[in-house]
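To start, the structure under review is shown below, and the notes come after it.
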Amino acid sequence: MERVSGVGGEAGLGTGADGGGAGTDGRVPVTLSIPAERDYVVLVRSAAGHLGVRAGFSMAEMGDWRLAVDEACGLLLLPDEVDATGEELDCVFRLGPAGLALTVSAEARPGSKPQVGGFGWSLLAALVDDLQWAEEEGRVRVDIVKRAAGTGAPGPDGTARAGVR
């Protein structure tokens, strides 16, 4: 497995391709499989927005999160980025006490990888707190994490704390 890391791992947010079962906080991951076509990414952005509300993101954080989700999907759909061969793009969101994580993956030709250091990757790195990619078992995946600001993080019961609108 080849991996490039952004900022670093995030406690409280599971990332990676395991995707199965409930997270450490008991929440079940939200999984979407869409056709590997740009027109369907709007569905993933919509889910990202709804989950961002649950994570307690501010309006600015929400804008960054939705753009980051769009860019992560785009990295796997653009032919000059990753040579995806599959017909589906798999997306797994994980809501944790610290914010949100997303794993986007697709079948790809061996040796496929995002253009780390390219414009798309640099934009994505500026929008999230953690950014990684990996190639394994005929799939390429991109993992992103966005933490909620201090007062915007969800409380223990998953609801937004006072002061968050």
request  = Pop a pseudo-label 7 angstrom from the Cα along the beta-carbon direction at both V53 and R38 and give the gap in nm to one decimal.
outcome  = 2.9
ask   = Between Q115 and T85, 0.36 nm times their residue separation minus their Cα-Cα distance comes to what?
value = 9.1 nm
inquiry  = Loop only by DSSP, 14 or fewer other Cβ within 10 Å of the Cβ. Give me the GluC sites (Glu not before Pro) in the stretch 70-151 that pass, ordered by residue number.
reply    = E87, E137
message = Test of understanding: ordering F119, F57, F93 by Cβ neighbours within 10 Å, fewest first, what list do you get?
response = F119, F93, F57
query = Along the stretch 64-75, what does the Karplus equation 6.51 cos²θ - 1.76 cosθ + 1.60 (θ = phi - 60°) give for ³J(HN,Hα), rounded to whole Hz, x for Gly and Pro?
reply = 4, 4, 5, 5, 5, 4, 4, 5, 4, 5, x, 4
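Throughout, read-outs are computed from the coordinates displayed, never taken from laboratory work. Bear in mind that the values here come from a model prediction, so they are computed numbers and not experimental data. Quick reminder, even Gly has a Cβ in these numbers, built from the backbone with ideal geometry, and neighbours come from all protein chains shown.
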